[in-house]
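The values are calculated or read from the model by the stated rules, or taken from the named source; none is laboratory data. Source: prediction; values computed, not measured. Note that we place each Cβ from the backbone using ideal geometry, even for glycine, and neighbour counts take in every protein chain shown.
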Amino acid sequence: MNETGAPATTVPGESPTAPALSQVERVVDTFVAPSKTFTDILRSQSWWLPFLLTVIVTYGYVFALQSRVGWDNVAANAIKQDPKAVERMATSSAEQQAQIQKITVASIQYGMYAAPILVLLFTAVIALVLWGTINFLFGGRATFGQVFAVWMYGTLPLLIVSILTIITLFAGLDREAFNINNPVGTNIGFYLSAETPQWLQKLATSLDLLMIWSLILSGIGLAIVAKVKRSAGLTAVFGWGVLIVIIKVAYAAFTG
């Protein structure tokens with residue numbers, strides 16, 4: 001009952017009597033009881049532990065690549081697995097091929113070392129888009145910081161890709177077969193042959209179990225912090241996800 005004697009009402013998505021969660025509890029609950037984690041974001045927008053885990057796993061991945069595959073092999077594989085790069089190498093002189101290899105090595109190295117910063121930038125962009133979508137199209141009341149935190153926690157399952165890759169590399173994965181763009185079989189594209197059309201590869205690779213899991217979690221979290229129906233949060237997240245896949249597939253088909 002409230003002060004006027006009327007029954008107390010609770011805004012959907014809020015749980016004012018729920019105990020505050022620690023960062024560790026939030027991470028654990030993201031996998032076993034996600035609504036608890038996202039409801040706690042209404043109390044605090046802190047996301048330092050997911051970011052710390054991202055840094056640890058990323059540099060563990062970097063160490064595994066460097067020690068078990070080697071940057072030259074990573075780059076050479078990336079070139080071999082890209083039809084356009086193969087074609088470019090075939091029409092280049094020996095000096096040009098060496099330069100392409102050098103540039104590829106450098107871009108992969110710098111990209112991996114800068115990955116945590118890139119994650120923050122990418123998260124900021126995604127959070128801005130989802131914040132605008134859920135508030136202006138679905139009548140939500142989320143803050144940018146809340147949406148940012150939702151994405152940081154919601155995408156924790158994606159770290160499993162790097163963890164599985166580290167395990168397989170140290171278990172003896174053939175370094176000549178390593179594909180940095182699709183290292184483990186969590187998606188259909190991993191199992192397709194190299195002769196598969198690029199547009200179909202892009203589509204199949206997008207059907208990734210861990211990415212779908214992350215989008216579901218993020219949709220649930222978005223609905224909770226925005227105080228809207230769960231269907232609205234899932235529609236916002238998957239709507240943008242499907243659009244991005246369509247753009248990638250269309251680009252691959254046209255440039256094929």
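Exactly one residue out of Leu130, Leu169, Leu200 is under 16 Å from the mean Cα position of the chain (by Cα) and either more than 20 Å from Trp240 (Cβ to Cβ) or not acidic (Asp, Glu) (or both): that is Leu130.
Which one is farthest from Gly145 (Cα to Cα), of the residues in segment 188-214 that are assigned to a helix (DSSP H, G or I) and in contact (Cβ under 8 Å) with a residue 60 or more places away in the chain? Before you say what the answer is, go through the steps one by one.
Pass one, segment 188-214, residues assigned to a helix (DSSP H, G or I): 188-191, 198-206, 209-214.
Cutting the leftovers down to in contact (Cβ under 8 Å) with a residue 60 or more places away in the chain gives us 198, 214.
Details: Gln198: 37, Ser214: 18 Å.
That would be Gln198.
Determine whether segment 204-218 contains at least one residue that is farther than 29 Å from Leu65 by Cβ and either surrounded by 15 or more Cβ atoms within 10 Å (Cβ to Cβ) or modelled with pLDDT under 95 (or both). Show your work before the answer.
Taking segment 204-218 as the starting set, the residues that turn out to be farther than 29 Å from Leu65 by Cβ are 216.
Going one step further and asking which of them are either surrounded by 15 or more Cβ atoms within 10 Å (Cβ to Cβ) or modelled with pLDDT under 95 (or both), we end up with 216.
Yes, because at least one residue in segment 204-218 is farther than 29 Å from Leu65 by Cβ and either surrounded by 15 or more Cβ atoms within 10 Å (Cβ to Cβ) or modelled with pLDDT under 95 (or both).
As a summary of the residue check, Phe136 satisfies the conditions (1) surrounded by fewer than 14 Cβ atoms within 10 Å (Cβ to Cβ); (2) touching a residue at least 12 places away in the same chain (Cβ under 8 Å); (3) of a type in the set (A, V, I, L, M, F, W, C) except for the one numbered (2). Among residues of segment 106-122 that are among the charged types (D, E, K, R), none has a Cβ under 8 angstrom from a residue that is surrounded by 15 or more Cβ atoms within 10 Å (Cβ to Cβ) at a sequence gap of 6+ or on a separate chain. Restricting attention to segment 87-122, the residues being over 16 Å from Thr58 (Cα atoms) and surrounded by 13 or more Cβ atoms within 10 Å (Cβ to Cβ) number 8.
A quick yes/no check of all residues on (1) under 17 Å from the mean Cα position of the chain (by Cα); (2) hydroxyl-bearing (Ser, Thr, Tyr):
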| residue | (1), (2) |
| --- | --- |
| Trp71 | no, no |
| Ala76 | no, no |
| Gln81 | no, no |
| Lys84 | no, no |
| Thr104 | no, yes |
| Gln109 | no, no |
| Pro116 | yes, no |
| Ala124 | yes, no |
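Within segment 82-115, the residues that satisfy the criterion of being among the β-branched types (Val, Ile, Thr) and modelled with pLDDT under 90 are Val86, Thr91.
Can you confirm whether Thr186 is surrounded by 15 or more Cβ atoms within 10 Å (Cβ to Cβ) and touching a strand residue (DSSP E or B) at 6+ places or on another chain (Cβ under 6 Å)? Yes: the conditions hold for Thr186.
All conditions in (1) within 30 Å of Ser44 (Cβ to Cβ); (2) aliphatic (A, V, I, L, M); (3) part of a helix (DSSP H, G or I) hold for Ala253, with the sole exception of (1).
When segment 156-173 is limited to residues that are out of contact with any Pro (no Cβ under 8 Å at 6 or more places or on another chain) and touching a residue at least 60 places away in the same chain (Cβ under 8 Å), the one that is surrounded by the fewest Cβ atoms within 10 Å (Cβ to Cβ) turns out to be Phe170.
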